[in-house]
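Worksheet for the structure shown next.
Quick note: the coordinates plus some simple rules give every number you see, no bench work behind them. If you're wondering where the values come from, they're calculated on a predicted model, not measured in any experiment. Note that we place each Cβ from the backbone using ideal geometry, even for glycine, and neighbour counts take in every protein chain shown.
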Amino acid sequence: MKRITFVLLSAVMTVFCNLSAVGAAQVSAEGRPDQPDILIIGSELEGMYLARAAADAGQSVQVIDPRPKPGGQLLEGEMLFLDEPLGDGGEVLLQGKVKSLFDAYKRGTIRKAEQFRNYYSELTKGIAIESGVTLTGIDVRQQPDATGRFVESVSYRTQNGQERTVYPGYVVENTDYAALTSQLGLSRIPGMETVFGPPDADSPDYMAATLIMKFKNVDWGVFQQEVMKLGKQERELKYGSETTVNPTFTWGFGKVGAGYDSGTDHWFLRGLNTVNQHDGEVLINALLVYGIDPSDEAAIRTAMAEGREQTDRILPYLRQALPGWSKAEINGYPDYLYIRDYDRYETEYVLQGTDLMSGRMFWDNVSIGGYEIDLQGTMSSKWGSRRGNPDKYGMPLRAFLAKGYINVIVAGKNVGASAVAYGSARIQAQTALAAETIGLMLGRIDGKYRLTDITPAQMSELQTWVRAQHGITLTGVQAVNKLGGLSEAQKQSFDQGKLVIP
């Protein structure tokens with residue numbers, strides 16, 4: 001159990017603590033490695049965009065990672081099926097540095113694990129990442145004027161047993177299991193139990209995790225030709241609704257997934273999201289596992305072993321079920337699961353499903369999102385559900401600031417979003433853009449004022465600067481409101497996950 005110390009500051013400590021929470025930029029400029037401007041906990045890709053942007057702007061950045069190797073979902077989980085946010089009519093919403101990753105992905109120059117590792121290494125070049133740490137203490141303090149709390153210090157143990165304490169200006173939650181925010185006394189945002197669970201459900205529930213499957217010796221040309229030569233009706237009758245194979249991806253194949261018997265309620269093969277990595281290599285995002293606690297290392301190890309066994313069993317099944325797969329072989333296994341959902345904790349604003357579907361834009365936009373509300377399955381509802389398809393929507397800075405804290409930022413999967421809104425807000429590209437924007441703004445502000453103190457006028461200036469200097473548009477975006485004709489009661493029902501908007 002991680003220790004939390006809550007201390008009421010005396011007047012004598014006022015100056016020192018204000019320096020810790022606000023003026024760390026000036027302190028760290030003197031080269032103190034224990035007083036970085038920004039301390040990032042976890043090495044998921046999204047937070048690395050914040051790190052890169054802030055470091056390039058002259059901020060001192062340090063990353064400590066509880067996982068044994070960096071890269072999280074992308075590198076260790078090998079979740080290399082990138083979901084692209086799109087507005088109505090296929091409008092591409094990619095912006096910022098993450099756009100270059102998607103451009104290379106779509107061109108085919110970044111598809112394989114090693115290519116992603118090279119990209120990640122270049123993105124994080126010059127940024128210190130210390131892996132395999134154990135958090136041992138988080139010192140939380142109260143502002144003297146009671147305007148908010150802040151993390152005064154983070155203590156941790158290195159892989160070789162050294163004890164260290166860091167006094168950051170800002171601290172960023174960038175893990176997939178809320179390693180920091182779960183220790184700050186924040187309220188958990190209700191999760192999937194409110195959507196798929198029974199009305200009296202009081203146990204947390206989460207969307208399934210995934211073990212990515214890797215295969216080689218697949219003839220993609222034959223695969224695409226044989227599937228797509230079938231008429232739409234015949235194709236969907238044989239393989240499942242929406243089944244499509246193009247030169248890069250597949251989707252659909254729900255009947256193929258449903259035809260596999262895992263032998264257990266904890267594992268399920270859904271429709272096959274497959275990516276062509278070239279040279280006969282493919283990757284499939286489809287093998288779901290339910291009830292995984294990513295903070296439990298023993299549970300992860302057990303799931304990884306079971307997932308490898310499931311992959312071994314699935315191989316002969318796919319050889320029989322899919323054209324072009326008769327010579328397929330397993331191409332190794334990832335080192336970690338893809339965790340898509342776990343505990344999230346209250347932020348200054350929590351996005352709701354109606355925010356997304358109405359195309360709401362916020363005065364403090366740091367990203368523009370646009371992805372269907374895709375609630376992946378849980379133990380009680382294995383297929384999950386799509387609840388609506390927004391055009392585009394804003395993602396406010398406040399959804400990335402821990403509630404009541406003046407120096408805690410959340411990144412990636414930790415975005416403040418209700419269970420319904422999270423089905424779309426969780427998508428990596430749009431939270432990566434938010435992280436980069438926040439990093440840019442931190443560099444621009446350079447300790448002059450806090451993120452939590454930003455006024456609409458200051459935010460407008462920052463958004464204008466971000467657009468002029470970095471080509472990221474956060475204002476003046478028009479979106480289609482898809483809530484027309486719904487009553488207030490129906491909107492409330494949608495936010496609760498009880499209504500689907502076709």
Just grab the label-to-label distance for Trp363 and Arg444, each label 7 Å out from Cα along the Cβ direction, in nm (one decimal). 1.7 nm
Expressed as a whole-number percentage, the relative contact order of the chain with C-alpha contacts under 8 angstrom and at least six residues apart is 20 percent
Give the lysines reachable from Lys491 as a straight Cα distance under 17 Å; neighbours fewer than 8 places away on the same chain don't count. Lys482
Helix 97-107: inclination vs the chain longest Cα principal axis, degrees, rounded to 10, gives 20 degrees
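Too long at a 24 Å Cα-Cα cut-off: which of Lys327/Lys382; Lys214/Lys255; Lys125/Lys214? Write down the numbers at each step before the final one.
Working: Lys327/Lys382 30 Å; Lys214/Lys255 20 Å; Lys125/Lys214 28 Å.
Where the Cα-Cα span goes over 24 Å, the pairs concerned are Lys327/Lys382; Lys125/Lys214.
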For region 80-86, what does the Karplus curve 6.51 cos²θ - 1.76 cosθ + 1.60, with θ = phi - 60°, yield as ³J(HN,Hα) per residue in whole Hz, taken in order and with x for Gly and Pro? 9, 8, 7, 8, 9, x, 9
Here the net charge surrounding Ile445, from other residues whose Cβ is less than 13 Å away from its Cβ (Lys, Arg +1; Asp, Glu -1), is -1
With each pseudo-label sitting 7 Å past Cα toward Cβ, what's the Val480-Thr455 distance in nm, one decimal? 3.9 nm
Against the rule of thumb 2.2 N^0.38 Å, how large the Cα Rg of region 209-330 comes out: 1.07
With angles folded into 0 to 90 degrees, how steeply does helix 113-123 sit against the dominant principal axis of the chain? Use alpha carbons for both and round to 10. 20 degrees
How much length is gained if the chain between Lys112 and Ser493 is pulled fully straight, taking 0.36 nm per residue apart and subtracting their Cα-Cα distance, in nm to one decimal? 132.9 nm
Folded to 0 to 90 degrees: helix 456-470 orientation relative to the chain principal axis, Cα: 60 degrees
Can you give the % of DSSP beta bridges in region 343-495 that are antiparallel, to the nearest 5? 90 percent
Separation in nanometres of the label points that stand 7 Å from Cα toward Cβ, at Gln469 and Ala298: 5.0 nm
Residues of region 119-138 with amide N under 16 Å of the 7 Å Cα→Cβ point at Thr158: 128-136
State the antiparallel share, in %, of DSSP beta bridges confined to the chain, rounding to the nearest 5. 65 percent
About the Cα centre of region 209-330, how large is the charge dipole given +1 on each Lys and Arg Cβ and -1 on each Asp and Glu Cβ? Please answer in debye to the nearest 20. 440 debye
Just how large is the dipole of the chain about the Cα centre, in debye to the nearest 20, putting +1 at every Lys and Arg Cβ and -1 at every Asp and Glu Cβ? 640 debye
Determine the gain in length on full extension of the stretch Ser385-Lys232; use 0.36 nm per residue of separation and subtract their C-alpha separation, reporting nm with one decimal. 52.8 nm
Take the Cα gyration tensor of the chain, multiply each eigenvalue by 5, square-root it, and list the three semi-axes largest first, rounded to whole angstrom. 38, 25, 22
Taking only the Cα atoms of region 123-185, how large is their convex hull per residue, in Å³? 117 Å³
Distance from region 180-254 to region 428-447 (C-alpha centre basis), Å: 29 Å
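Of the listed peptides 439-447, 375-383, what is their order by residue-averaged count of other C-beta atoms within 10 Å, with the highest listed first?
Result, highest mean Cβ count within 10 Å first: 439-447, 375-383.
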Calculated from backbone phi, Karplus (6.51, -1.76, 1.60) coupling profile of region 160-168 in Hz, x at Gly/Pro: 8, x, 6, 9, 9, 10, 10, 10, x
